1. Starting from residues that are touching a residue at least 24 places away in the same chain (Cβ under 8 Å) and among the polar types (S, T, N, Q), keep the ones in region 115-133 and report whichever is nearest to F14 (Cα to Cα).
2. What is the number of the single condition among (1) of a type outside the set (D, E, K, R); (2) more than 15 Å from the chain's Cα centre (by Cα); (3) more than 16 Å from the ligand (Cβ to nearest atom) that H168 does not meet?
3. Find all pairs meeting these conditions: Cβ atoms under 7 angstrom apart; at least six residues apart or on different chains; first residue within region 152-171 and under 18 Å from N99 (Cα atoms) and among the hydroxyl-bearing types (S, T, Y); second residue outside any strand (DSSP E or B) and modelled with pLDDT under 95.
4. Anything in region 12-36 that is hydrophobic (A, V, I, L, M, F, W, C) and outside any strand (DSSP E or B)? List them, or say none.
5. Could you please find all residues in region 192-231 being under 30 Å from D41 (Cβ atoms) and in contact with a Gly (Cβ under 7 Å, 6 or more places away or on another chain)?
6. Limited to region 8-60, what total is found for residues that are surrounded by fewer than 20 Cβ atoms within 10 Å (Cβ to Cβ), of a type in the set (S, T, Y) and more than 9 Å from the ligand (Cβ to nearest atom)?
7. Out of the residues in region 54-75 meeting the condition of being outside any strand (DSSP E or B) and in contact with a helix residue (DSSP H, G or I) (Cβ under 7 Å, 6 or more places away or on another chain), tell me which one is nearest to K8 (Cα to Cα).
Amino acid sequence: MKICGLQKTTLLDFPGHVAATIFLDRCNFRCPFCHNSGLLDGEAETLFSQDEILDFFKKRKGILEGVCITGGEPTLAPELEPFIRKIRELGYLVKLDTNGYRPEILKNLVFSGLLDYVAMDIKAGRSNYSEAAGKEFFKIKYIEESVSFLMSGKVPYEFRTTAVKGIHDLKDFSDIGRWLAGNSPYYLQNFEDSEQVLCSGFQSFSKEELEEFLNVLRPFLPNALLRGTEG
Ligand code: SF4
């Protein structure tokens with residue numbers, strides 16, 4: 001397992017908790033708007049050993065409450081489960097960020113009592129999913145399985161979509177609303193361009209456009225909110 005980044009403190013990544021975020025390498029998607037493009041293909045530099053990370057968390061006990069594990073796609077890491085166990089033994093809560101394409105790993109971690117919160121990306125409406133995920137031979141059934149599992153309420157969770165001009169339009173949000181219909185927490189966040197984005201040329205939406213998407217979502221997802229567009 002390659003640990004390629006550590007954000008030592010975050011008040012935003014783990015709802016309700018002061019946390020740190022660990023970045024693991026590799027991903028099974030190639031979302032063209034990915035802003036962690038350096039982490040996707042397994043060539044990122046390992047910045048920390050597991051022991052160094054565990055030492056860090058030993059020293060931060062009482063200051064930090066939670067650990068967010070993100071990527072890349074963390075469910076690809078073969079040592080993920082034992083690593084999470086070690087973090088939990090130190091007394092930390094664990095949040096997993098996932099694209100949801102490996103539902104069996106997600107379920108196993110939840111049924112083993114290893115996760116306190118899951119944030120799953122909803123990349124697009126289902127007919128647009130493979131384009132948004134940048135993945136040929138894409139199987140939506142894996143995403144649907146993870147969605148259904150999370151909606152069954154075995155673990156606190158959220159769904160979230162990064163809205164990208166050039167990828168999404170109203171049809172995506174109409175489908176997402178009908179698909180996820182219910183009381184799930186759902187966050188719509190705007191794309192932000194940067195030099196790390198995998199493919200250039202995408203743009204963010206205006207706040208008015210995001211609110212239009214929200215209006216399409218809310219009849220089905222009354223808890224849908226914009227994230228990160230304050231001001
Ligand atoms: S944005 Fe897409 S390609 Fe990038 S890490 Fe997330 S799932 Fe993988």
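The values are calculated or read from the model by the stated rules, or taken from the named source; none is laboratory data. All values derive from a computational prediction rather than experimental measurement. Backbone-built Cβ (ideal geometry, glycine too); neighbour counts: all protein chains shown.
1. For region 115-133, the residue satisfying everything is N128.
2. (3)
3. Close Cβ pairs (under 7 Å, with a partner that is outside any strand (DSSP E or B) and modelled with pLDDT under 95) do not exist here.
4. L12, F14, V18, C27, F29, C31, F33, C34
5. Passing the criteria: Q196, G201, F202, Q203.
6. Qualifying residue count for the region: 4.
7. Checked region 54-75; the qualifying residue nearest to K8 (Cα to Cα) is F57.
Matching residues to (1) among the small types (G, A, S); (2) closer than 14 Å to I22 by Cβ; (3) at pLDDT 95 or above:
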{"residue": "G71", "(1), (2), (3)": "yes, yes, no"}
{"residue": "E79", "(1), (2), (3)": "no, yes, yes"}
{"residue": "D97", "(1), (2), (3)": "no, yes, yes"}
{"residue": "P103", "(1), (2), (3)": "no, no, yes"}
